[in-house]
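Comments concern the structure below.
The values are calculated or read from the model by the stated rules, or taken from the named source; none is laboratory data. Since we're looking at a predicted model, the values are computed, not measured. As a convention, Cβ positions derive from the backbone with ideal geometry for all residues, glycine included, and neighbour counts pool all protein chains shown. Accessible surface is based on the protein model in full, side chains and every heavy atom, while ligands, DNA and RNA are left aside. Shrake-Rupley method; radii C 1.70, N 1.55, O 1.52, S 1.80 Å.
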Amino acid sequence: MSVYQIDPKALVEPRLEPIRHGFGRGLLAAGETDERVVALCADLTESTCMHHFKARFPERFVEVGIAEQNLVTVAAGLAHAGKIPFTSSYAAFSPGRNWEQIKTTACMNRRPVIVCGSHAGINVGYDGATHQMLEDLAIMRVLPNMRVIAPGDSLEAERATLAIAADPAPTYLRLARDQTPVFSRPDSPFQIGPAYPLREGSDVSLIATGTMTYQALVAASLLDRHGISAEVVHVPTVKPLDEATVLASLRKTGRAVTIEEAQIAGGLGGAICELTARAHPVVVQRLGLRDRYGETGAPTELLEKFRLTGRLIAEDIERGLDSTPKGSL
Amino acid sequence: MGLDERVFTRTDDDVQLRRVVRVVREDIVRMLAAAGSGHSAGPLGMAEQLTALYFNVMRHDPANPDWPDRDLFFLSNGHVAPVLYAVLARAGYFPVAELGTLRRLGSRLQGHPERGALPGVESTSGPLGCGLSQAAGYAHALRNIDHVKRRFVYVTLGDGELDEGNVWEAAMFAGKYKLGNLIALVDRNNIQIDGATEDVMPLTGLRAKWEAFDWHVLDIDGNDVRAVVDALVLGQKVSWAPTVILANTVPGRGVPFMEYDHSWHGKPPTPAQAAEALRALAGGES
């Protein structure tokens, strides 16, 4: 496995791009590579970035209208016929509204339906709580035969989309609306499965997924100034979880902090707690939304309010380190 | 269960088709009585529809269930699994004796059909409303992406199932994409678990509903196997729109004490009731 290099400018002056844009590029490239790739959308073609694919491959693009149950079940039929269907809507609606159809017709049926949930997390902003999907990691992670992938930036979303198309199976791909920092490089590795240590440390492991990996990197550099050595483990594949990489980090640091733009219950935080409880009990501090919905506001305001910026994450980690003993339980 | 091992092949002879229908009904009664749980009325009423498909209309090969050139069948109303299992066994997909294992631990005959468990089951079903859209997705791939003309996609739905919104999402989709290679059969038996369909949720103007979604609609006696065959063949000829066949059936058909009685939707006969049912089937028309 090649080393995951971070763009050296990212922490100083990051380039911003929505994660969904990388998905749009990846889908187009996957369509060029493999004619089995088809795309389905539920009346959100441009905002979920499927319009490039639609323009290039009109016959392989399916518009199902505002009908998310139909979106994934038609996709299951296309997969049955040998296609590799990528479906998209806002995550609040798909998988928010069609969980049972995904379970029965994709997962139980073992049809390679790819559910792309755009606009996940609070960075949706002004549209408010109904459109801010925070439970998707939890509800997708519990499905047998389902893979759950949350790329950290737009370049990784592009790589992830190509990787999924090359290895078709039921998959949830979590995407975000707002512009977020690009920390990876075009030559950074991506495989479905591995977690990637991005920064070494000895005091605490920051285990992050999706948009929160960048904030974890910022938090780690701030903690460093306070004499706290934080390791950052990027987990783009929440399921199947790369247990070996996470455990190796925890054996070194003895303490975990999980960071996700999602409910702390059931998602990445839940997955890490399940792992540590079984294999290596340590204190796990979970950062994310705590049993509440989001609200309307600017994405940056919401990240501040829910304490998911690098600075506030560092503050909360310091406080957490003060209040609980380090080391194995 | 005392099942004979007869296997039937494709036939266009009405007498032979009716013979298969009767054997399928007997199998259903025996399977359910042996299992001690399951649905009776729907499977019995649908024997003609699945017999017409598997013993006359559909291109399929029991020795090669994954034959790439086959027609597709989706059982959207998965709770009528016994009729599918009986037809598959009598067509030679798996040994008839295995019908006796329905709903047992370790059986390939799961309570609702499960893909991969049993040869010939194309898709997992049970939760209602998902079959038509999967069938439509498959038909769309064939007709509008791969431009394959000779293969057809068939799907059965229960009439109670039409309460599900997903069905109408799929109906809109199939109409929009003019899926002339898609033929749906609605088992119009007028019952569902809680009672008569028209009491639970009225399906007033059912023909007009489908026509409004740009479907070609046929309305037939679904317990006349020749009428079912003819409707399916007519549906094949209509290439510019999907066809839905409203198959009017009697729930529990062939077993007098079950006919028209919604309480038989979701329960099996006792051994004594099964014996009575088998006597009635032996003496009946089909």
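Observations on the structure shown:
- Of everything listed in (1) facing chain A (nearest Cβ under 9 Å); (2) open to solvent by 10 Å² or more (accessible area, probe 1.4 Å); (3) of a type outside the set (A, V, I, L, M), the single unmet condition for B:Lys178 is (1).
- So A:Ala120, is it farther than 17 Å from A:Pro240 by Cα and buried (at least 24 other Cβ atoms within 10 Å of the Cβ): yes
- Per the conditions (1) touching a residue at least 40 places away in the same chain (Cβ under 8 Å); (2) on the phi > 0 side of the Ramachandran plot; (3) not charged (D, E, K, R), the sole criterion not satisfied by B:Gly205 is (1).
Residue-wise test of (1) within 21 Å of the chain's Cα centre (by Cα); (2) surrounded by fewer than 22 Cβ atoms within 10 Å (Cβ to Cβ); (3) part of a helix (DSSP H, G or I).
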| position | (1), (2), (3) |
| --- | --- |
| A:Glu260 | yes, no, no |
| A:Thr296 | no, yes, no |
| A:Leu303 | yes, no, yes |
| A:Glu315 | no, yes, yes |
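- Taking the numbered list (1) assigned to a loop (DSSP other than H, G, I, E, B); (2) away from chain B (no Cβ under 13 Å); (3) without any contact (Cβ under 8 Å) to a residue 60 or more places away in the chain in turn, A:Leu11 passes all entries but (3).
- Only one entry of A:Ala92, A:Ala75 meets the criterion of being open to solvent by less than 10 Å² (accessible area, probe 1.4 Å) and either within 7 Å of chain B (Cβ to nearest Cβ) or not in a helix (DSSP H, G or I) (or both), and that entry is A:Ala75.
- Residue in region B:97-115 that is under 27 Å from B:Ser239 (Cβ atoms) and more than 14 Å from chain A (Cβ to nearest Cβ) present: no
- Residues that are part of a loop (DSSP other than H, G, I, E, B) and touching a Pro at 6+ places or on another chain (Cβ under 8 Å) were ranked within region B:82-113; the one that is surrounded by the most Cβ atoms within 10 Å (Cβ to Cβ) is B:Leu102.
- For beta carbons closer than 7 Å, sequence separation of 6+ or different chains, a first residue in region A:183-206 that is on the phi > 0 side of the Ramachandran plot and a second that is modelled with pLDDT of 95 or more and among the charged types (D, E, K, R), the qualifying pairs are A:Gly193/A:Asp242.
- Matching residues in region B:140-172 - criterion: being among the aromatic types (Phe, Trp, Tyr) and open to solvent by 10 Å² or more (accessible area, probe 1.4 Å): B:Phe152, B:Trp168
- When A:Arg97 is tested against (1) assigned to a helix (DSSP H, G or I); (2) within 28 Å of B:Phe74 (Cβ to Cβ); (3) of a type in the set (Lys, Arg); (4) out of contact with any Leu (no Cβ under 6 Å at 6 or more places or on another chain), only condition (1) is not met.
- Filter result for A:Arg159 (of a type in the set (Lys, Arg) and not in a loop (DSSP other than H, G, I, E, B)): yes
- Residue within region B:169-176 that is farther than 19 Å from A:Val113 by Cβ and free of Cβ contacts under 8 Å to residues at least 40 places away in the same chain present: yes
- Condition check for A:Thr33: more than 14 Å from chain B (Cβ to nearest Cβ), among the polar types (S, T, N, Q) and out of contact with any His (no Cβ under 9 Å at 6 or more places or on another chain): yes
- Some residue of region B:72-81 being without any contact (Cβ under 8 Å) to a residue 60 or more places away in the chain and either in a helix (DSSP H, G or I) or open to solvent by 10 Å² or more (accessible area, probe 1.4 Å) (or both): yes
- Pick from region A:1-35, criterion among the hydroxyl-bearing types (Ser, Thr, Tyr) and not assigned by TED's automatic domain parsing to the domain that holds A:Asp153, ranking: most open to solvent (accessible area, probe 1.4 Å): A:Ser2
- Scope region B:179-203; condition assigned to a loop (DSSP other than H, G, I, E, B) and out of contact with any helix residue (DSSP H, G or I) (no Cβ under 8 Å at 6 or more places or on another chain); matching residues: B:Pro202
- Taken over region A:271-294, the residue count meeting the criterion of being assigned to a helix (DSSP H, G or I) and either out of contact with any helix residue (DSSP H, G or I) (no Cβ under 9 Å at 6 or more places or on another chain) or open to solvent by 10 Å² or more (accessible area, probe 1.4 Å) (or both) is 5.
- Which listed residue is aromatic (Phe, Trp, Tyr) and either within 14 Å of chain A (Cβ to nearest Cβ) or touching a Pro at 6+ places or on another chain (Cβ under 9 Å) (or both), from B:Trp215, B:Trp240: B:Trp215
- Output for region A:95-119, where each listed residue is closer than 30 Å to B:Gly120 by Cβ and either more than 10 Å from chain B (Cβ to nearest Cβ) or of a type in the set (A, V, I, L, M, F, W, C) (or both): A:Trp99, A:Ile102, A:Ala106, A:Cys107, A:Met108, A:Pro112, A:Val113, A:Ile114, A:Val115
- Extreme residue, surrounded by the fewest Cβ atoms within 10 Å (Cβ to Cβ), among residues of region A:45-68 that are facing chain B (nearest Cβ under 9 Å) and under 21 Å from B:Leu142 (Cα atoms): A:Glu59
- Test result for B:Gly137, away from chain A (no Cβ under 12 Å) and either aromatic (Phe, Trp, Tyr) or open to solvent by less than 20 Å² (accessible area, probe 1.4 Å) (or both): no
- Test: residue in region A:135-156 that is within 13 Å of chain B (Cβ to nearest Cβ) and surrounded by 24 or more Cβ atoms within 10 Å (Cβ to Cβ): no
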